[in-house]
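Peer 1: Starting off with a structure, shown below.
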Amino acid sequence: MTYKCQICGREIDEFASIAHIKAEEYLIELIRRDHPEWKKEHDTCHKCVEYYRKLVKDAEI
Ligand SMILES: [Zn+2]
């Protein structure tokens, strides 16, 4: 079973989706700023999540 990432459009495996993003409100906000249609319940690949997680980290310093 594969999904399509909402952000980059890549095909992704089920295990790479984003169940763990839910508590990260700032991360969600940041993704929505670039991708207003993005929904946390839908599929996003690990690569995109890590990209935004890094932006959050950089912004906090
Ligand atoms: Zn992606």
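Peer 1: Report every pair of residues separated by at least 6 positions or lying on different chains whose Cβ atoms are under 8 Å apart, first residue within region 50-61 and closer than 11 Å to residue 24 by Cβ, second of a type in the set (A, V, I, L, M, F, W, C) and assigned to a helix (DSSP H, G or I).
Peer 2: Once the first residue is closer than 11 Å to residue 24 by Cβ and sits in region 50-61, its partners that are of a type in the set (A, V, I, L, M, F, W, C) and assigned to a helix (DSSP H, G or I) give 52/27; 52/30; 52/31; 53/27; 56/27; 56/30.
Peer 1: Could you look through region 14-33, keep only residues that are loosely packed, with under 12 Cβ neighbours inside 10 Å and modelled with pLDDT of 80 or more, and pick out the one that is nearest to the ligand (Cβ to nearest atom)?
Peer 2: 33
The values are calculated or read from the model by the stated rules, or taken from the named source; none is laboratory data. Predicted, not measured: the structure shown is a model, and the values here were computed from it. Glycine gets a Cβ as well: all are built from the backbone with ideal geometry, and neighbour counts include every protein chain shown.
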